[in-house]
Amino acid sequence: MPGYMTDGSSGMDLYAAPDSDITISAGERALIPTGLSVAVPDGYELQVRPRSGLAIKHGIGLLNSPGTIDSDYRGEIKIILINMGQEPFTVKRGDRVAQIVLCPVAKAKLELCSELPATRRNDGGFGHTG
């Protein structure tokens, strides 16, 4: 079962549940099963996020981060790990591979318009503040 590792943890760690070890070569990615299915309450999502320890120690991250588990999904949670390190990385059953955070979802109602209200920034993009 996922669990909070400390009282102050925002995310619950997810554990790998492959039938056999999965080795991810440098630059490669793999789909890691967790053996876990959940029922997320309406109005919420589970965000799947990387673990910082795997990132700094081994260069392991999540390819789509954060991933989203929608409230109407009932299948197994699987994690897309990517090896951005220089050495192969092996995932074993029981390894902590990601974390999940339960988050509220605000539903937007989009409206088509021909002009947006002005702001101080307007369309200033990447690096516009120096």
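Do we find a residue being surrounded by fewer than 16 Cβ atoms within 10 Å (Cβ to Cβ), modelled with pLDDT of 95 or more and part of a helix (DSSP H, G or I) anywhere in the range 104-120? Within the range 104-120 (the criterion being surrounded by fewer than 16 Cβ atoms within 10 Å (Cβ to Cβ), modelled with pLDDT of 95 or more and part of a helix (DSSP H, G or I)), the answer is no, since none of the residues qualifies. Among the residues of the range 18-50, those identified as within 17 Å of the chain's Cα centre (by Cα) and either among the hydrophobic types (A, V, I, L, M, F, W, C) or over 21 Å from Asp70 (Cα atoms) (or both) are Arg29, Ala30, Leu31, Ile32, Leu36, Val38, Val40, Leu46, Val48. Considering only residues that are among the basic types (Lys, Arg) and touching a residue at least 40 places away in the same chain (Cβ under 8 Å), look in the range 90-130 and name the one that is farthest from Pro41 (Cα to Cα). In this case the residue turns out to be Lys92. Does Leu36 satisfy the condition of being out of contact with any Pro (no Cβ under 9 Å at 6 or more places or on another chain) and surrounded by 11 or more Cβ atoms within 10 Å (Cβ to Cβ)? In short, no. Taking the conditions exactly as written (part of a strand (DSSP E or B), surrounded by 11 or more Cβ atoms within 10 Å (Cβ to Cβ), in contact (Cβ under 8 Å) with a residue 12 or more places away in the chain and not basic (Lys, Arg)), does Leu54 satisfy them or not? So Leu54 fails the test. For the criterion of being within 26 Å of Ala108 (Cα to Cα), in a strand (DSSP E or B) and of a type in the set (Ser, Thr, Tyr), Thr23 fails. Can Glu87 be described as in a loop (DSSP other than H, G, I, E, B), surrounded by fewer than 12 Cβ atoms within 10 Å (Cβ to Cβ), among the charged types (D, E, K, R) and touching a residue at least 60 places away in the same chain (Cβ under 8 Å)? It is true that Glu87 is in a loop (DSSP other than H, G, I, E, B), surrounded by fewer than 12 Cβ atoms within 10 Å (Cβ to Cβ), among the charged types (D, E, K, R) and touching a residue at least 60 places away in the same chain (Cβ under 8 Å).
Number of residues in the range 68-90 that are in contact with a Leu (Cβ under 8 Å, 6 or more places away or on another chain) and among the polar types (S, T, N, Q): the value is 1.
The values are calculated or read from the model by the stated rules, or taken from the named source; none is laboratory data. The structure displayed is predicted, hence computed values, not measured ones. Positions of Cβ are generated from backbone atoms using ideal geometry, with glycine treated the same way; all protein chains shown enter the neighbour counts.
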